[in-house]
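What follows is a set of notes on a single structure, which appears directly below.
The values are calculated or read from the model by the stated rules, or taken from the named source; none is laboratory data. Predicted, not measured: the structure shown is a model, and the values here were computed from it. Using ideal geometry, Cβ is built from the backbone for each residue, glycine included, and neighbour counts are taken over all protein chains shown. Ligands, DNA and RNA are excluded from the accessible area calculation, which covers all protein heavy atoms including side chains. Shrake-Rupley method; radii C 1.70, N 1.55, O 1.52, S 1.80 Å.
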Amino acid sequence: RSTRSQEHHHHSWKMSSELVTLFGSTLYKNEVGEVGTKAVLKGKTHVAIFFGAAWSGSCKQFLLPLVQVYKKLTEEKGKAFEIVYVPATVPGRPPEDEASFKELMGIMPWLAVPLHRKATHKKLTRRFQVRQIPMLVLLDDQGKTVHRDIPPAVTHIV
């Protein structure tokens, strides 16, 4: 076994452990339910956090172009890229309810921090200083912020 493949293995492991700390042990996938964060993000070179909310019209508008870019990147170009949706904690707005969350997840082909994990939604909203939504934060495989966008442009990813 060469040291290079060992290094690479360690590298992708480090990424998933950083992200487990960030997102929690499981993520939600539509029609599947909760999946292990580490397994599902293993080997991804970039992960974008999508902060949004079901009540936000601008989030819904942004969603369809984002879905197109996501499919182009993952299906056509075969990029090791993933998006994680986080219902943003916004003062004076009610937290997302299950019906709205499920409806959004029906449109989103990517993952989400499970709805019941409200403390994580709050922690991430604060950590990435989300004051407006939609917002997209692009992380590299060390969990470091590469790009922060309001309103989000997805062109730099492509």
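LEU139's amide H: which non-local residues (gap 5+, or another chain) put their own amide H closer than 5 Å, with H modeled 1.01 Å from N in plane and none for Pro or chain starts? Long-range HN contacts for LEU139: VAL47, ALA48, ILE49, VAL146. Close amide-amide hydrogen proximity is noted between THR89 and THR125, each under 5 Å apart and 5 or more residues distant or on a separate chain (H modeled in the peptide plane; Pro and chain starts excluded). Couplings 3J(HN,Hα) for the range 18-31, derived from phi with the Karplus relation 6.51 cos²θ - 1.76 cosθ + 1.60 (θ = phi - 60°), are 4, 6, 5, 4, 6, 9, x, 6, 10, 10, 9, 10, 4, 6 Hz, where x marks Gly and Pro. Electrostatic tally near GLU103: other residues with Cβ closer than 12 Å to its Cβ, Lys and Arg +1, Asp and Glu -1, net -1.
Here the Karplus relation 6.51 cos²θ - 1.76 cosθ + 1.60, evaluated at θ = phi - 60°, turns the backbone of the range 52-62 into coupling constants of x, 7, 5, 7, 8, x, 5, 5, 5, 5, 6 Hz, with x for every Gly and Pro. For the range 43-152, what does the relative contact order come out to in percent, with C-alpha contacts under 8 Å and a separation of six or more? Once normalised by length, the contact order is 37 percent.
Looking at the square roots a ≥ b ≥ c of the eigenvalues of the Cα gyration tensor of the range 13-158, which shape do they give, rounded for a/c under 1.5, prolate if a/b is larger than b/c, or oblate? Rounded shape, in that the Cα axes give a/c under 1.5. Residues in the range 21-63 average 44 Å² of solvent-accessible surface per residue, probe 1.4 Å, ligands and nucleic acids excluded. Atom-type composition of the exposed protein surface of the range 20-76 places 53 percent of the accessible area on carbon and sulfur (1.4 angstrom probe).
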